[in-house]
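Participant: Take this structure first; my questions come after.
The values are calculated or read from the model by the stated rules, or taken from the named source; none is laboratory data. Here the structure is a predicted model, which is why all the values come from computation and not from measurement. A quick note on method: Cβ atoms are made from the backbone with ideal geometry, for glycine too, and the neighbour counts reach across all protein chains shown.
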Amino acid sequence: MSHPMGTMVGVESTSLQFARLARLLASAARERGLRVPAFRSPPRVPGVARTLRRGHDGATTVAVSVRGRPLMAVVADMVEGIVVANELTGVEATRVRTALWEAVSGSEGQAA
């Protein structure tokens, strides 16, 4: 092992952070009666931070680039993906964004 045991405490891989955020945001979206898109990483389109794909069955997939990006940028793309997947605009979109950000910031002190 290249690191002493104590130095890696609290370190979470980006893929685990992404999965945790996806579960958290999905739960917060469901609580508000919203459709929850599937989340994946990375996007299939090279060089983009986020893509949104709608299937023939109405399901939506939000793909977000995680590697080498600040966690808050990833969260912002995931939140916006939920807003776009639900075709929200104006005041309702703002309310949902705020609620989803509050769900994320409220979970910072909790264990994953």
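Participant: Of the conditions (1) buried (at least 16 other Cβ atoms within 10 Å of the Cβ); (2) at pLDDT 95 or above; (3) not small (Gly, Ala, Ser), Arg30 fails just one. Which one is it?
Facilitator: For Arg30, the exception is condition (1).
Participant: Further question on the same structure: Quickly run through region 54-95 and pick out the residues that are buried (at least 16 other Cβ atoms within 10 Å of the Cβ) and outside any helix (DSSP H, G or I).
Facilitator: Of everything in region 54-95, those that are buried (at least 16 other Cβ atoms within 10 Å of the Cβ) and outside any helix (DSSP H, G or I) turn out to be Thr60, Thr61, Val62, Ala63, Val64, Ser65, Val66, Asn86, Leu88.
Participant: Name the pairs whose Cβ atoms lie under 7 Å apart, with the first residue in region 75-98 and on the phi < 0 side of the Ramachandran plot, the second charged (D, E, K, R) and surrounded by 16 or more Cβ atoms within 10 Å (Cβ to Cβ), and 6 or more positions between them or separate chains?
Facilitator: From region 75-98, the pairs are Asp77/Arg50; Val79/Arg97; Gly81/Arg50; Val83/Arg97.
Participant: Here is a follow-up. Taking Arg44 as the residue in question, decide whether it is assigned to a loop (DSSP other than H, G, I, E, B), at pLDDT 90 or above and basic (Lys, Arg).
Facilitator: yes
Participant: What do you reckon, is Ala103 at pLDDT 95 or above and either farther than 13 Å from Ser27 by Cα or surrounded by fewer than 17 Cβ atoms within 10 Å (Cβ to Cβ) (or both)?
Facilitator: Considered against the rule, which asks whether it is at pLDDT 95 or above and either farther than 13 Å from Ser27 by Cα or surrounded by fewer than 17 Cβ atoms within 10 Å (Cβ to Cβ) (or both), Ala103 comes out as no.
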